[in-house]
2 protein chains.
Amino acid sequence: MGLDPVKEEQNAALHKMRKRVIESIGRNMDLYGISLSTGHLYGLLFFADKPMTLDEMGSEMKMSKTSMSTGVRTLLDLKMVNKVWEKGSRKDLYEVEYDWYQTFTDFFDIKWRKSVEANILVLRKSMDEIDKIANEYAEDPEMTDMLQKDKAKLRDAYAYYEWLDRLIDTFENGDIYKLVPKEPPAKE
Amino acid sequence: MGLDPVKEEQNAALHKMRKRVIESIGRNMDLYGISLSTGHLYGLLFFADKPMTLDEMGSEMKMSKTSMSTGVRTLLDLKMVNKVWEKGSRKDLYEVEYDWYQTFTDFFDIKWRKSVEANILVLRKSMDEIDKIANEYAEDPEMTDMLQKDKAKLRDAYAYYEWLDRLIDTFENGDIYKLVPKEPPAKE
DNA sequence: AAGAACGTACAGAAAAAACTGTACGGTATA
DNA sequence: TATACCGTACAGTTTTTTCTGTACGTTCTT
């Protein structure tokens with residue numbers, strides 16, 4: 001995991017510190033829908049001072065190469081790690097994306113955006129359908145009332161998802177940093 | 001699930017529409033770390049036109065009351081549903097929180113905030129520790145270099161988490177709506 | 001105070017997810 | 001072209017999560 005394995009053994013304190021951070025990072029990865037061990041893998045890569053191969057990860061994590069392969073792919077899909085090309089090496093190399101703001105943005109763009117858009121589609125379709133049903137049951141006041149209530153709910157949900165969509169836009173285009181700058185505002 | 005179960009049977013189209021929306025909502029609930037069936041429970045409550053009891057949920061979902069109990073608690077913890085008091089009824093009643101903006105905010109306040117603060121604490125502690133170790137190894141250039149690199153990483157992560165903390169603040173205090181209004185800006 | 005109804009703790013069963021070892025297709029090396 | 005090595009598909013195993021039924025403590029009714 002470090003520059004020099006021998007050196008690391010020498011210093012238990014450093015090793016312990018890293019382990020604590022890795023665990024802390026890994027534990028919170030479930031927010032991204034990532035399993036604990038894949039979270040640990042991320043933590044490992046975070047401290048690695050050079051891109052790692054699957055074999056290296058496996059030996060560090062004491063896990064199979066297959067698991068490393070799937071774990072890395074999960075992280076790759078979320079753009080939390082990048083594949084690195086290094087001439088001479090036949091093995092694939094991976095390193096974490098150190099720009100965490102970008103990682104955050106990508107996560108929303110990849111995961112949330114997909115959900116949002118799927119829901120928007122379904123809601124649009126469903127509201128149309130309600131209109132159609134409402135036409136058929138125009139004579140039935142009870143049914144009409146129920147349909148109206150449903151439609152109002154869908155409309156609210158729709159508005160919310162559109163808002164969410166615009167919010168994710170601000171993550172992507174960087175407008176969010178106008179509201180919340182990376183540098184904390186100076187205390188007065 | 002509706003006002004009048006008989007009526008609903010009459011109209012397959014409405015039922016189908018609701019089912020589609022419920023599934024769509026439920027499917028995307030994994031973003032909140034919620035299981036599919038709890039997501040469906042949420043969808044059910046979303047369309048319910050009155051607060052429901054555990055027994056009613058169970059019969060609609062065709063699942064045990066125990067499962068409803070745990071499912072509701074999960075949703076309650078995330079403030080996605082509210083407990084409702086109705087005089088006369090001995091049973092607990094629940095309804096969804098229809099303010100989805102609030103639900104979004106609560107989610108980040110409950111889940112993300114906790115992670116962020118835990119990480120901030122660990123990072124602070126770890127940076128202090130690095131300083132201590134660095135003092136011991138002041139004579140060792142290689143070790144010093146490694147410690148510096150680690151500390152730089154921690155510092156970056158720390159800055160990111162503080163940013164995230166401030167971002168969540170804007171969700172909570174409503175500042176986010178200045179940047180992304182609930183009402184979409186009028187198209188020109 | 002006794003009885004009925006409610007929600008949930010708990011233990012076991014069922015289902016889902018994570019993990020491993022083997023096998024195989026593909027690419028670089030010889 | 002043959003060989004070695006790499007990453008991953010796949011099937012089987014282990015671990016974790018979800019779900020159920022029973023049992024129990026509490027609260028309301030009588």
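For each pair in B:Lys50/B:Lys114; A:Lys16/B:Lys79; A:Lys132/B:Lys111; B:Lys87/B:Lys178; A:Lys65/B:Lys19; A:Lys65/A:Lys87, compute the distance between the two Cα atoms and list the pairs where it is over 30 Å. As for pairs spanning more than 30 Å Cα to Cα, those are B:Lys50/B:Lys114; A:Lys16/B:Lys79; A:Lys132/B:Lys111; B:Lys87/B:Lys178; A:Lys65/B:Lys19.
Quick one: Cα centre-to-centre distance for the range A:122-188 and the range A:15-31, in angstrom? Using only Cα atoms, the two centres lie 37 Å from each other.
With the simple spin-label model, which puts each label point 7 Å out from Cα in the Cβ direction, the A:Glu23 to A:Lys79 separation comes to 3.3 nm.
Per residue, the solvent-accessible area of the protein assembly as shown (1.4 Å probe, heavy atoms of protein chains only, all protein chains present) comes to 53 Å². When +1 charges are put on Lys and Arg Cβ atoms and -1 charges on Asp and Glu Cβ atoms, the dipole computed for the protein assembly as shown relative to its Cα centre reaches about 680 debye. Based on DSSP H segments of at least four residues, each scored -39500 (n - 2.57), chain B has a per-residue ellipticity at 222 nm of -21500 deg cm²/dmol. Neighbouring Cβ atoms from other chains, within 10 Å of the Cβ of residues in A:102-110, number 1 on average.
Within the range A:5-96, the proportion of C-alpha pairs whose separation exceeds 22 Å stands at 25%. For the range A:99-174, a simple Cβ point-charge model (Lys and Arg +1, Asp and Glu -1, everything else neutral) yields a dipole of about 200 debye relative to the Cα centre. Out of every Cα pair in the range B:26-174, what percent are spaced more than 23 Å from each other? Distances greater than 23 Å cover 54 percent of the Cα pairs.
Given +1 at the Cβ of Lys and Arg, -1 at the Cβ of Asp and Glu and no other charges, the dipole of the range A:5-96 around its Cα centre is 20 debye to the nearest 20. Candidate cross-link partners of A:Lys83 among the aspartates and glutamates, defined by an alpha-carbon separation under 12 Å and a same-chain spacing of 8 or more, comprise A:Asp92, A:Glu95, A:Glu97.
The slack between B:Thr70 and B:Glu183, meaning 0.36 nm per residue of separation minus the straight C-alpha distance, is 37.1 nm.
To the nearest ten degrees, helix B:141-173 and the longest principal axis of the Cα atoms of chain B are 30 degrees apart.
With respect to chain B, whose longest principal axis is taken over its alpha-carbon atoms, helix B:113-136 is tilted by about 10°. Among the residues of A:174-184, the average count of other protein chain beta-carbon atoms within 10 Å of the residue beta-carbon is 4. The mean number of Cβ atoms from other chains found within 10 Å of a Cβ in peptide A:78-86 is 0, as a whole number. Remark on the protein assembly as shown: Rg and Dmax equal 25.1, 89 Å (Cα only).
Helix A:65-77 versus the longest principal axis of chain A: what angle, 0 to 90°, nearest 10, using Cα atoms? Roughly 50 degrees, rounded to the nearest 10.
The values are calculated or read from the model by the stated rules, or taken from the named source; none is laboratory data. Note that the coordinates shown come from a computational prediction; the quantities given were computed from them, not determined experimentally. With ideal geometry, Cβ positions are generated from the backbone for all residues, glycine too; neighbour counts draw on all protein chains shown. Keep in mind that these areas ignore ligands, DNA and RNA; they rest on the heavy atoms of the full protein, side chains included. Shrake-Rupley method; radii C 1.70, N 1.55, O 1.52, S 1.80 Å.
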